[in-house]
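Taking it in order: structure first as structure tokens, then the write-up.
The values are calculated or read from the model by the stated rules, or taken from the named source; none is laboratory data. Since this is a predicted model, take the numbers as computed values, not measurements. Positions of Cβ are generated from backbone atoms using ideal geometry, with glycine treated the same way; all protein chains shown enter the neighbour counts. For the accessible areas, the whole protein counts, side chains as well, though only heavy atoms, and no ligand, DNA or RNA atoms are used. Shrake-Rupley method; radii C 1.70, N 1.55, O 1.52, S 1.80 Å.
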Amino acid sequence: MEIDFLKLDYYSDFIGEKEIRFYTNSKDTIFKRNIEEFAENQFYEIQLTQGENNIYFFSLWEGYFDSLIRELIDEKNEYKELPMFIKNWNECKGWRDIDSIEDVILDNELEWLLNIIPIINENHKKESKNSVWDNNCINDLLIFLNFVKNNEWELRISEE
């Protein structure tokens, strides 16, 4: 499966609100943002476009992401066992902080997501809950995450 054939954008209908991006690239591609200095010690960033520098991303609206994270936290009884990027989101640290840089998602965290997200998504299909949920977004996110795993690519998350 090629990444170019996946639906990767679940944000453009919400422009102006916060966006969550899962960035991926092969391990032989160096992840680099488009950050330029316009004056001494003053920088600006131009967001990467899909496929730029062989870096791809799955983007989703913060509301979809927050609903997913709440479900992931509720599903896991032991908070300390959650992946670090989820705890950082919940505690407004790391990649969620104002001066944040993206968090790298480790292979074991990716595996955890791939095991638990289908269960949560199936529960939503059976029993509608009072949360913002888009089954297509979650299904496509799973396809994207499986692509990352199967190709052994790196995965990062960022709030933009």
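Observations
- Those residues of the stretch 142-160 which are touching a strand residue (DSSP E or B) at 6+ places or on another chain (Cβ under 6 Å) and of a type outside the set (D, E, K, R), in sequence order: F144, V148, W153, L155, I157, S158
- Residues of the stretch 123-135 that turn out to be open to solvent by 100 Å² or more (accessible area, probe 1.4 Å) and either modelled with pLDDT of 90 or more or assigned to a helix (DSSP H, G or I) (or both), as a count: 2
- Residue list for the stretch 44-71, restricted to those being in a strand (DSSP E or B), more than 20 Å from E154 (Cβ to Cβ) and under 11 Å from the mean Cα position of the chain (by Cα): W61
- For the stretch 29-43, the criterion of a residue being open to solvent by 40 Å² or more (accessible area, probe 1.4 Å), over 24 Å from P118 (Cα atoms) and modelled with pLDDT of 90 or more is satisfied by at least one position.
One line per residue, one yes/no per condition, for (1) acidic (D, E); (2) within 19 Å of W89 (Cβ to Cβ); (3) in contact (Cβ under 8 Å) with a residue 40 or more places away in the chain:
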{"position": "N108", "(1), (2), (3)": "no, yes, no"}
{"position": "L114", "(1), (2), (3)": "no, yes, no"}
{"position": "E127", "(1), (2), (3)": "yes, no, no"}
{"position": "N135", "(1), (2), (3)": "no, no, no"}
{"position": "N146", "(1), (2), (3)": "no, no, no"}
{"position": "R156", "(1), (2), (3)": "no, yes, yes"}
{"position": "E160", "(1), (2), (3)": "yes, yes, yes"}
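- Any chance K18 is among the basic types (K, R), within 14 Å of the chain's Cα centre (by Cα) and over 19 Å from I143 (Cα atoms): yes
- Only a single item in (1) open to solvent by less than 40 Å² (accessible area, probe 1.4 Å); (2) more than 24 Å from L8 (Cα to Cα) is not met by L60, and it is number (2).
- Of the residues L114, L68, the single one that is surrounded by fewer than 16 Cβ atoms within 10 Å (Cβ to Cβ) and at pLDDT 90 or above is L114.
- Filtering the stretch 12-43 to residues that are part of a loop (DSSP other than H, G, I, E, B) and within 27 Å of N146 (Cβ to Cβ) leaves K18, S26, K27, D28, T29, I30, F31, K32, R33.
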